[in-house]
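What follows draws every value from the coordinates through simple rules; no lab data is involved. In this text, all values refer to a predicted model and were calculated from it rather than measured experimentally. Every residue, glycine among them, receives a Cβ derived from its backbone with ideal geometry; neighbour counts consider all protein chains shown.
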Amino acid sequence: MSNGKARKQFWKLLVWRGRLARETCQSESQWVRRGSWLTWHSARICGMKLRAKLFPVFILLSILFFAVLIPAQTTVAPPASTPADKPAVDTPAVDMSKEPSHHLVLENSYVRVFKVEVAPQAQTLLHRHDHDYVFITLGDSEVVNTVLGKAPVHVSLPDGETRFLDGGFAHTAKNISAQPFRNVTVEFLNKSEGPKDGWAGNPSSPMQKVLFTKDGARASELRLPPGAALPRHTHAGPHLVVAVSDLDLRSDVEGKPPREVHQKAGEVAWVPGGFTHTLTNIGPSEARFVVLEF
């Protein structure tokens, strides 16, 4: 019997007990008016009859009382929930392509590219990184990164921050800032060691900073002031361009007419190799972007 039904029956029996007591004593009232001895004797008989009638009622009331009281006192409190920024150990990790904050925008034999956006105070699902990857932050962010099996780590990420991470782990990322946490995540699908021949011989420029060379890819950050141009250089292999700011560029490829390139911040472009060109910022503000060469 549920607590609600038991409580209802308890009160019904309590009311019926009162009615039964009144009816029993009223039926015996004729004895009370017939002399002193009979008055005492009839009152005693009334009490005895009343106890006999009410005994089963007391039993039922006791059962219902404990049916209501004991479950309320012995209810086991639910286990404490896992903190939002600490994934449960038995929670299955999903692939990045199935994590709602990760949006696949490009995939080929070299890379899988995701646009990531996590709302303020929101957290991603526990998801796997099976491959080495690089991420480029879009806008300043404050994130709590929790790798499965490890303590949460608070990470401050400035706009344009580019980091390489080895794969083979699962984690959640919680955005603790007041604006969306946005980045571009690039998985490397083919590992290869050492620099490529096509990277050699290109002139260095103060506007280009090589960040790292990992898994057969070279990552560079480029910052071109308005009107500035990168000197003539060659792309022997393909490369990926990730716009950190809005881009308004002109590419002058040898043997071809100039071509304008326009990208919004956060957009990506896959560019096949096999050409030599110069690159000029034709926009009104600094052009900032990250290039991953393969």
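Tabulated values for the structure
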| item | result |
| --- | --- |
| Point-to-point label distance, Arg250-His262, nm (Cα→Cβ direction, 7 Å offset) | 1.5 nm |
| Segment Arg232-Lys191, extension gain: residue separation times 0.36 nm, minus the distance between their alpha carbons | 11.9 nm |
| Distance between modelled label sites at Ser109 and Val153, nm, 7 Å Cα→Cβ extension | 3.5 nm |
| Links that overshoot a 27 Å alpha carbon limit, given the list Lys150/Lys209; Lys98/Lys174; Lys115/Lys209 | Lys150/Lys209 |
| Amide hydrogen neighbours beyond the local backbone of Phe169, cut-off 5 Å, H modeled | His129 |
| Other-chain or far-sequence residues with amide H under 5 Å of Gly283's (modelled H) | Gly227, Asp248 |
| Using θ = phi - 60° and Karplus 6.51 cos²θ - 1.76 cosθ + 1.60, couplings along region 134-145 (whole Hz; Gly, Pro as x) | 10, 10, 10, 7, 10, x, 5, 9, 10, 9, 9, 9 |
| Cβ-based exposure ranking for Phe289, Phe275, Phe135, Phe164, in which fewest neighbours within 10 Å come first | Phe275, Phe164, Phe135, Phe289 |
| Nonlocal amide H pairs with Ser177, under 5 Å, H built at 1.01 Å | Gln121, Glu142 |
